[in-house]
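S.K.: Take this structure, written in structure tokens, and hold onto it; I'll ask about it next.
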Amino acid sequence: MALLTTPPLELNQDPPDFSLPGVDGKTHSLSDFPVGTPMIIMFICNHCPYVKAIEDRLIQLAHDCARLKVPVIGISANDPIDYPEDSFSEMKVRAEKKNYPFLYLFDESQEVARAYGAVCTPDFFVYDRAHKLAYRGRLDDSWKDPTQVTRRELWEAVQMLSAPQSTGTALTNQKPSMGCSIKWKKANPSC
């Protein structure tokens, strides 16, 4: 397991477009989420121990965001050949078992993950009301032990960006997220 942290990213960027199948049986596109409210896009997967450690907190985040009408979109881009637990069929099973309150989409081609510059699971991208990247950091200050969380940094960012007086500017002092590397497909599977 390779531990990676998210790199510094130029903020205020537009989200790359996508059109991906969801575990709900529908195809979802960026255009489904109109400008006017913040939006969270997170790259996650089923098998990663870092995602498993925060899974219940991701569910809570999505419930909290629903009260603010902030969409939360989870995308899995891992290679399902080498990581069958991350296959689309297993994503459906996991989402149903945990009753995910967020969209869970499959990026089979991995093109969307590459367009976003995603590097690990979890990797969070929070966009302001104008859909400009305002936050790319960690979920909170204790990935491993939920009882030690003192700051829900991503939730704080969403609350700030959702406030009526929000200027929509990028938030400073962001701490990187960390997790397993995205499991990229081999360039030539016959090698």
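Every number here is computed from the coordinates shown, using simple stated rules; none is lab data. This structure is a prediction, so every number in the text was calculated from the model and none was measured. Cβ atoms come from the backbone with ideal geometry, glycine included; neighbour counts cover every protein chain shown.
S.K.: State the answer as a single residue: which of ALA115, SER142, SER177 lies farthest towards the positive end of the charge dipole of the chain, with beta carbon charges of +1 for Lys and Arg and -1 for Asp and Glu, about the Cα centre.
M.R.: Towards the positive end, the residue furthest out is SER142.
S.K.: Next up: Out of VAL149, VAL72, VAL112, any idea which swings most in a Gaussian network model of the chain, alpha carbons joined below 10 Å?
M.R.: VAL149
S.K.: Assigning unit charges at the beta carbon (Lys, Arg +1; Asp, Glu -1) and nothing else, what dipole magnitude in debye, to the nearest 20, does the chain show about its Cα centre?
M.R.: On the way: 21 positive and 24 negative charges, 55 e Å.
So the dipole magnitude of the chain works out to roughly 260 debye.
S.K.: Sequence neighbours fewer than 8 away in the same chain don't count; with that in mind, list the lysines whose C-alpha is under 22 Å from LYS98.
M.R.: Once the sequence-local lysines are set aside, what remains near LYS98 is LYS26, LYS52, LYS69, LYS144.
S.K.: With r defined as the distance between the Cβ atoms of LYS97 and ARG67 and R0 fixed at 35 Å, what FRET efficiency is calculated, to the nearest 0.05? Spell out each step's value before the answer.
M.R.: On the way: r = 24 Å, r/R0 = 0.69.
Efficiency, rounded to the nearest 0.05: 0.90.
S.K.: Among THR172, THR37, THR27, whose mean-square fluctuation peaks in a Gaussian network model of the chain (Cα, cutoff 10 Å)?
M.R.: Answer for the Gaussian network model of the chain: THR172.
S.K.: Listing TRP155, TRP184 from the residue with the fewest other Cβ atoms within 10 Å to the one with the most, what is the order? Before the final figure, lay out each step's value.
M.R.: Details: TRP155 19, TRP184 13.
By the 10 Å Cβ count, ascending, the order reads TRP184, TRP155.
S.K.: ASP56 to ASP24: extension gain in nm, 0.36 nm per residue of separation minus the Cα-Cα distance? Please report the intermediate quantities before stating the final value.
M.R.: On the way: separation 32, 0.36 × 32 = 11.52 nm, distance 1.97 nm.
This chain segment gains 9.6 nm when fully extended.
S.K.: May I ask what percent, to the nearest 5, of DSSP beta bridges between residues of the range 37-191 are antiparallel? Don't jump to the answer; show the numbers that get you there.
M.R.: Details: 9 of 17 bridges.
Of those bridges, close to 55 percent are antiparallel.
S.K.: If R₀ is 22 angstrom, what is the calculated FRET efficiency for the pair PHE88 and ARG114, using the beta carbon separation as r and rounding to 0.05? Display every interim value, and only then the final one.
M.R.: On the way: r = 19 Å, r/R0 = 0.84.
Here the calculated transfer efficiency is 0.75.
S.K.: Return TYR50, TYR83, TYR104 ranked ascending by Cβ neighbour count within 10 Å, so the fewest neighbours appear first.
M.R.: Numbers: TYR50 22, TYR83 17, TYR104 25.
Listing TYR50, TYR83, TYR104 from fewest to most nearby Cβ atoms yields TYR83, TYR50, TYR104.
S.K.: Could you work out the mean projected area of the convex hull around the alpha carbons of the range 67-191, in square nanometres to one decimal? Could you put the intermediate results ahead of the total?
M.R.: Details: hull surface 37.5 nm².
Seen from a random direction, the Cα hull of the range 67-191 projects 9.4 nm² on average.
S.K.: May I ask you to compute the full-extension gain from TRP184 to VAL35, defined as 0.36 nm times their residue separation minus their alpha-carbon distance, rounded to one decimal in nm?
M.R.: On the way: separation 149, 0.36 × 149 = 53.64 nm, distance 3.09 nm.
Net length gain for the segment: 50.5 nm.
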